[in-house]
Amino acid sequence: MNLGIDIIRPAIVAIDCHRGHLDPSVATMPAAPDTAARLVAANKAFFDAARPLGVPVIHLVTTYRDVEEIRANPFWRTRAEDPNATRKNVLRHNLAGSPGCTIMPGLHETGDMIVDTKKRYDCFQGTDLDMTLRTHGINTLLITGINTNSCVLATACAANVRDYAVIVIEDCVDTMDTPEHHTAALLCLRTAFGHVMSSADALKLVGSKS
């Protein structure tokens, strides 16, 4: 596959694979239990296969100091006021010290990097993700996690405009919203912002370059 770059230097950017979305026992904005279980298993398999190929794993974890950091977003305030919104619990989502801020068991290994200052859908906004990628010579992002139609979409767009090659790993992303939201987000991504491929195909691609 032609990614438009001469040498692929990849890293996995795992977005919000934490208990706040993926552990039904504590999640404040939970994915459906079957979706969460499938997503954790798929991400674990992908990470475990990628690390021996020399692909670093960078975990992005949403963490807020207090409610004011959340309420500063006007639209999020409206979600908190709508009892039917999937994001109605946004004002108590992943507050610092809560169990939701913990990466799901089995996904983090020694040697992985963690960026835990994410506060908005775009993982670059207000974090040191860009510096982490640049200083480690990364030019290709293998994006996984949740939600396809918010954080994955926003981060892929932000990576694109920063001139990274973007690959969204289709079987390693999903959403707490509907399948239609997931499908629509992937359509937008592959049309204008990056490639969408399976974990198996991504591993073949990076393995051939290692």
**Q.** Listing of strands (runs of 3 or more DSSP E) fully contained in the range 127-210 that carry 2 or more residues being farther than 17 Å from GLY4 by Cβ
**A.** 140-146, 165-174
Q. Name the residues in the range 131-166 that are surrounded by fewer than 16 Cβ atoms within 10 Å (Cβ to Cβ) and either β-branched (Val, Ile, Thr) or in contact (Cβ under 8 Å) with a residue 12 or more places away in the chain (or both), would you?
A. THR135, HIS136, GLY137, VAL161, ARG162
Q) Can you tell which of ASP23, ASP6 is among the acidic types (Asp, Glu) and at pLDDT below 95? A) ASP6
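Yes or no, residue by residue, for (1) closer than 12 Å to VAL173 by Cα; (2) in contact with a Gly (Cβ under 7 Å, 6 or more places away or on another chain); (3) surrounded by fewer than 20 Cβ atoms within 10 Å (Cβ to Cβ); (4) among the aromatic types (Phe, Trp, Tyr):
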site: LEU3; (1), (2), (3), (4): no, no, yes, no
site: ALA11; (1), (2), (3), (4): no, no, no, no
site: ARG19; (1), (2), (3), (4): no, yes, no, no
site: PRO30; (1), (2), (3), (4): no, no, no, no
site: LEU39; (1), (2), (3), (4): yes, no, no, no
site: ARG51; (1), (2), (3), (4): no, no, yes, no
(Q) If I ask for residues that are of a type in the set (S, T, N, Q) and under 19 Å from PHE47 (Cα atoms), which ones from the range 160-210 would you list? (A) SER198, SER199, SER208, SER210
**Q.** Yes/no for GLY106 being farther than 25 Å from ASP201 by Cβ, small (Gly, Ala, Ser) and either outside any loop (DSSP other than H, G, I, E, B) or modelled with pLDDT of 95 or more (or both)
**A.** no
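The values are calculated or read from the model by the stated rules, or taken from the named source; none is laboratory data. Note that the structure is a prediction, hence the values are computed from the model and not measured. We place every Cβ from the backbone using ideal geometry, glycine too, and count neighbours over all the protein chains shown.
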